[in-house]
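Student: Below you will find the structure I want to go over with you.
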Amino acid sequence: MPRPFLPLPRVSRRELARKLFLILAGSFIYALGVDMFEIPNGLAAGGLTGLATTTSAVAAQMGVNLPVGIQTIGMNVLLLIYVYVSTKDVSYIMQSIVGILASGFFTDALAPLVPVPAQGQLLICAIWGGIISGAGIGLVFMSGGNTGGTDLICQLIARRTGSSMGVLVMLVDGAVLLLSVPVFSLTNALYAGVAMYVAARVLDMVLEGPLTARVCYVISELHADIAREVLYTLGRGCTELQARGVWSGNARPVLMVVVGRNETVRLKEIVASLDPEAIVIVSEVHEAFGEGFSRLGSS
């Protein structure tokens with residue numbers, strides 16, 4: 001029995017315009033990163049763009065001009081055809097194809113226009129190429145779209161084999177780096193790995209937001225006094241969690257407080273002034289919503 005076609009979700013014009021803007025802006029920024037820092041310096045930083053960078057360099061040695069953007073579009077179209085035949089997921093295809101076309105177009109269109117500010121300085125190029133391209137991909141992902149690439153390959157393999165997506169991405173991108181070694185150099189491949197890592201970290205920051213809040217756990221016999229000071233002096237909410245000491249078997253209330261980064265020192269001062277022997281555990285969180293923070297659903 002053939003698989004049913006998955007219908008396109010209904011999207012308002014305003015939401016569609018927002019998504020399209022994010023895809024185009026993200027693709028443009030991504031292209032700036034690879035054109036200014038990665039491609040001119042032989043940094044094949046994984047993915048189909050990295051593979052196309054390698055094949056483009058090989059073609060140039062034979063006197064053939066093989067643009068990176070056109071290559072990525074061609075390879076992604078072949079992958080999307082296979083995805084369509086396998087899944088019939090029209091929505092996913094449409095969200096993917098805009099990002100694929102835009103990123104490939106901008107990569108080739110901007111290449112002869114943008115400067116190469118750090119030619120030959122591989123570390124600087126790896127860092128800034130990763131930052132800019134990661135930010136661009138993050139914007140595309142925020143729209144619900146993507147720029148194709150090895151993620152498509154890995155998703156197909158993961159569906160059929162049940163393998164870990166993260167492991168597959170590492171293996172495929174690692175293979176792209178290895179293929180670039182004889183064309184460029186081992187040094188270039190290592191710096192390309194740095195660019196991949198930086199891009200992944202920046203991508204996470206764009207999607208999840210910067211680390212702007214911290215959650216603090218306070219264990220103290222004077223938990224009631226500390227909670228009162230947190231509420232009325234710091235102006236933050238405080239939640240009491242019920243816990244039990246394993247060794248003593250006694251109830252040990254734990255206070256949980258979510259504070260802004262600049263309020264952490266003040267919280268520790270409050271706890272230290274009331275109970276210097278208290279245990280304070282501080283952990284960073286990516287996002288915090290509610291009273292005193294961003295409104296839920298506003299991001």
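Student: Checking Val90 against (1) of a type outside the set (Asp, Glu); (2) closer than 20 Å to Met196 by Cβ; (3) in contact with a strand residue (DSSP E or B) (Cβ under 7 Å, 6 or more places away or on another chain): exactly one of these is not met. Which one?
Tutor: Here Val90 meets the rest and fails (2).
Student: If Gly136 satisfies all but one of (1) closer than 28 Å to Leu20 by Cα; (2) at pLDDT below 75; (3) surrounded by 14 or more Cβ atoms within 10 Å (Cβ to Cβ), what's the number of the condition it fails?
Tutor: Every condition holds for Gly136 apart from (2).
Student: Restricting to the stretch 11-40, what's the tally of residues that are surrounded by fewer than 24 Cβ atoms within 10 Å (Cβ to Cβ), modelled with pLDDT of 90 or more and not hydrophobic (A, V, I, L, M, F, W, C)?
Tutor: Going through the stretch 11-40 one residue at a time, the tally reaches 1.
Student: List pairs: first residue in the stretch 29-51 and under 16 Å from Ala118 (Cα atoms), second residue among the hydroxyl-bearing types (Ser, Thr, Tyr) and outside any helix (DSSP H, G or I) anywhere in the structure, Cβ distance under 8 angstrom, at least six positions apart or on different chains.
Tutor: Gly42/Ser185
Student: Here is a further query. Please go through the stretch 165-181 and pick out each residue that is open to solvent by 60 Å² or more (accessible area, probe 1.4 Å) and either over 22 Å from Met75 (Cα atoms) or at pLDDT below 75 (or both).
Tutor: Selection gives Met165, Val167.
Student: Quick one: how many residues across the stretch 112-125 are open to solvent by less than 50 Å² (accessible area, probe 1.4 Å) and in a loop (DSSP other than H, G, I, E, B)?
Tutor: First, pick out the residues of the stretch 112-125 that are open to solvent by less than 50 Å² (accessible area, probe 1.4 Å): 114, 118, 122, 125.
Keeping just the survivors that are in a loop (DSSP other than H, G, I, E, B) gives 114, 118.
Matching residues across the stretch 112-125 total 2.
Student: Among the residues of the stretch 60-81 satisfying the criterion of being part of a helix (DSSP H, G or I), among the hydrophobic types (A, V, I, L, M, F, W, C) and under 17 Å from Pro112 (Cβ atoms), which is least open to solvent (accessible area, probe 1.4 Å)?
Tutor: Applying the first criterion (part of a helix (DSSP H, G or I)) to the stretch 60-81 yields 60-61, 68-81.
From what's left, among the hydrophobic types (A, V, I, L, M, F, W, C): 60, 68, 70, 73, 75, 77-81.
Right, trim to under 17 Å from Pro112 (Cβ atoms) and you get 60, 68, 70.
Values: Ala60: 64, Val68: 11, Ile70: 110 Å².
So, considering only residues that are part of a helix (DSSP H, G or I), among the hydrophobic types (A, V, I, L, M, F, W, C) and under 17 Å from Pro112 (Cβ atoms), the one least open to solvent (accessible area, probe 1.4 Å) is Val68.
Student: Then there's this: Going through Ser248, Ser283 one at a time, which residue ends up being modelled with pLDDT under 90, more than 14 Å from Arg214 (Cα to Cα) and open to solvent by 40 Å² or more (accessible area, probe 1.4 Å)?
Tutor: Details: Ser283 fails: more than 14 Å from Arg214 (Cα to Cα).
One residue alone meets the criteria, Ser248.
Student: Can I ask one more? Are there any pairs with C-beta distances below 8 angstrom linking a residue in the stretch 272-284 that is without any contact (Cβ under 8 Å) to a residue 40 or more places away in the chain to a residue that is outside any helix (DSSP H, G or I), with the two at least 6 apart or on different chains, and if so which?
Tutor: These pairs meet every condition: Ala272/Ala278.
The values are calculated or read from the model by the stated rules, or taken from the named source; none is laboratory data. Because the structure is predicted, anything quoted here is derived from the model rather than measured. We place every Cβ from the backbone using ideal geometry, glycine too, and count neighbours over all the protein chains shown. SASA here: full protein model, heavy atoms, side chains in, ligands and nucleic acids out. Shrake-Rupley method; radii C 1.70, N 1.55, O 1.52, S 1.80 Å.
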